[in-house]
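Encoded as structure tokens, the structure appears first; notes follow it.
Just so it is clear, none of the values below were taken in a lab; they were calculated from the coordinates. On a predicted model such as this, the values are computed, not experimentally measured, just so you know. Positions of Cβ are backbone-derived with ideal geometry, glycine not excepted, and every protein chain shown enters the neighbour counts.
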């Protein structure tokens, strides 16, 4: 049984409503490029087992542009990040993938520029280009259960707001049917007071 259904943080489950607080959107204006969505229903739930009782739980919203990620360490809730997809590019073949994330790309370098902002790499300690991190995600929706293979790199920058960082997640993803895409997602730290679930 998935961790996400046995002990969901904030009561998040498929079919529940994720409702951002009205104060969140004006708070982020000028500090983050992420556009805060309105109230949305959780459509699908993803889970990444990182080992040692650490899980990433991902709640994909009815508006397919957004998803909420919650880090769990055992039963303890860690960082929560609201992500919005910035772009998704279909991958045609291995050569296309290598052009986007291979050794000649900028993905994995210590600093990455996106839309005029500089982000610092969060994964990997190499002085040069770090390898993308492989992750396996199990997803459950009302329609199906399936797995997704990810090769990901996470970046972050300070926003100037206390306790809030803006994240940039770059990920090459392939589902069980062989459909492959490269996604760019922008995220912002959420505090428990930023939203409620009904």
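Applying a 10 Å radius around every beta-carbon, put 44-50, 7-13, 73-79 in order of their mean neighbour count, most first.
Result, highest mean first: 44-50, 7-13, 73-79.
Quick one: order 19, 111, 148, 188 by neighbouring beta-carbon count within 10 Å, fewest to most.
Final ranking by Cβ density, sparse to dense: 111, 19, 148, 188.
State whether the range 3-197 is rounded, prolate or oblate according to the following rule on the C-alpha gyration tensor (a ≥ b ≥ c being the square roots of its eigenvalues): a/c under 1.5 gives rounded; otherwise a/b larger than b/c gives prolate, and the remaining case gives oblate.
Oblate is the answer for the range 3-197, as a/c is 1.5 or above yet b/c matches or exceeds a/b.
For residue 161 and residue 177 in the same chain, what is the full-extension length gain: residue separation times 0.36 nm, less their Cα-Cα distance, in nm? Spell out each step's value before the answer.
Details: separation 16, 0.36 × 16 = 5.76 nm, distance 4.16 nm.
Length difference between fully extended and current span is 1.6 nm.
When the chain is fully extended, how far beyond the present Cα-Cα distance does residue 144 get from residue 75, taking 0.36 nm per residue of separation?
22.2 nm
Between residue 198 and residue 90, take the C-beta separation as r, use R0 = 41 Å, and let me know the FRET efficiency to the nearest 0.05.
Step by step, r from the Cβ atoms, then E = 0.70.
Report the full-extension gain for the segment residue 27 to residue 122: residue separation times 0.36 nm, less the Cα-Cα distance, to one decimal in nm.
Value of the extension gain: 31.7 nm.
Can you sort 58, 125 from fewest to most other Cβ atoms within 10 Å of each residue's own Cβ?
125, 58
Please identify, among 88, 130, 177, the residue showing maximal mean-square fluctuation in a Gaussian network model of the chain using a 10 angstrom Cα cutoff.
Its mean-square fluctuation being the largest, the pick is 177.
For 103, 32, which order do you get if you count the other beta carbons within 10 Å of each Cβ and list the fewest first?
Fewest to most other Cβ atoms nearby, the residues stand as 103, 32.
Counting only C-alpha contacts under 8 Å and six or more residues apart, can you give the relative contact order of the range 3-197 as a whole percent?
22
Treat each spin label as a single point 7 Å out from the Cα along the C-beta direction, and report the residue 41 to residue 133 distance in nm.
Those two pseudo-labels are separated by 3.3 nm.
Indicate the gyration tensor shape class of the range 1-86 (rounded, prolate or oblate), computed on the Cα atoms with a ≥ b ≥ c the square roots of the eigenvalues: a/c under 1.5 is rounded; otherwise a/b larger than b/c is prolate and the rest oblate.
Since a/c reaches 1.5 and a/b is larger than b/c, the shape of the range 1-86 is classed as prolate.
Tell me what the chain gives for mean residue ellipticity at 222 nm when only DSSP H runs of n ≥ 4 count, each as -39,500 (n - 2.57), the sum divided by the residue total, rounded to 500 deg cm²/dmol.
Working: 3 runs with 17 residues, N = 198.
Taking each H run of at least 4 residues, the total per residue is -2000 deg cm²/dmol.
Under 1.5 on a/c is rounded, so check that first for the range 106-198, then, if it is not, pick prolate when a/b is larger than b/c and oblate when it is not; a ≥ b ≥ c are the square roots of the alpha carbon gyration tensor eigenvalues.
In terms of gyration-tensor shape, oblate.
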